Each structure stands twice: as C-alpha cells, then as structure tokens.
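To keep things clear, I will list the structure first and then write my remarks on it.
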Amino acid sequence: QVQLVESGGGLVQPGGSLRLSCAASRSIHSIYVMGWYRQAPGKQRELVAASTNGGNRDYADSVQGRFTISRDNAKNTVYLQMNSLKAEDTAVYYCNADTTVEVFWGQGIQVTVSS
C-alpha cells in the first residue's frame, strides 16, 4: 500500500508558477513510475508527466517545456514544477504511483489559472 498526499495547489494568474508536491507513505525508490495526471471539468483524466525509477521522464505535449517532474527519494516526495501557466492548465491534479503490481492515487488537488 502507498498513500499519496498532494499539496501546493491553488489560484495563480496566467504566466505564473506553482509547485505541486506529492508525499508518499513509504519509500518511492523502488516504485517503477511516479506520475502526475489532471482532470479538467467535462474532460477525461490525462497524463501530465511521469518519472521512472530509472530516470526517464515523459511529458504531455501540452506541458512540454513548461512543467518539470522530479523525484526526491530521500523525502519520498515527487514534485511537479509548473511554469508559464495557462488557463487551460486549470484542473484537479492527481499524483499516481505505479508499482507494476498495483496503482495508487492521491486525493487530488485543485489548480486554477485565472486573472
């Protein structure tokens, strides 16, 4: 079992930045993929960014160059640095842990980009 708790969301103006954190209840060193997903109203949940324990990272085309995912194994925490935010980034963001045996989700956190 892995409990995931997101923090760092909120309201930000277009062009601004936020950093989301995802604290895991146990070591993430061996977790195959840690990722961030988001779901906007009326839309399906989509992958935003993912990080493997081998050091690979993958991003959605819509956030490439603006968002950065990172893992701090010592703190059992995954971050999502979001820069140059746009209105279309508004969504509930979910942390995800894929152990290859089971998938775990955080409760989600709201990010609103608006002037």
Could you list, in sequence order, all residues of region 11-29 that are small (G, A, S) and open to solvent by 30 Å² or more (accessible area, probe 1.4 Å)?
G15, S17, A23, S25, S27
For G55, only one of the following conditions fails: (1) outside any strand (DSSP E or B); (2) open to solvent by 70 Å² or more (accessible area, probe 1.4 Å); (3) not charged (D, E, K, R). What is its number?
(2)
Select from region 99-115 the residues that are under 11 Å from the mean Cα position of the chain (by Cα) and assigned to a loop (DSSP other than H, G, I, E, B) and list them in ascending order.
G106, G108
Within the group Q107, Q39, Q44, which residue is open to solvent by 60 Å² or more (accessible area, probe 1.4 Å), modelled with pLDDT of 95 or more, closer than 12 Å to E6 by Cβ and not hydroxyl-bearing (S, T, Y)?
Q107
Considering only residues that are at negative phi, touching a residue at least 40 places away in the same chain (Cβ under 8 Å) and in a loop (DSSP other than H, G, I, E, B), look in region 58-98 and name the one that is surrounded by the most Cβ atoms within 10 Å (Cβ to Cβ).
L85
Of (1) in contact (Cβ under 8 Å) with a residue 12 or more places away in the chain; (2) outside any strand (DSSP E or B), G42 satisfies every one except (1)
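The values are calculated or read from the model by the stated rules, or taken from the named source; none is laboratory data. Everything numeric here is computed off the predicted structure, so don't read it as measured data. Neighbour counts are summed over all protein chains in view; Cβ atoms, including those assigned to glycine, are modelled from backbone coordinates with ideal geometry. Remember, those area values only see protein heavy atoms, side chains included, never the ligands or the DNA or RNA. Shrake-Rupley method; radii C 1.70, N 1.55, O 1.52, S 1.80 Å.
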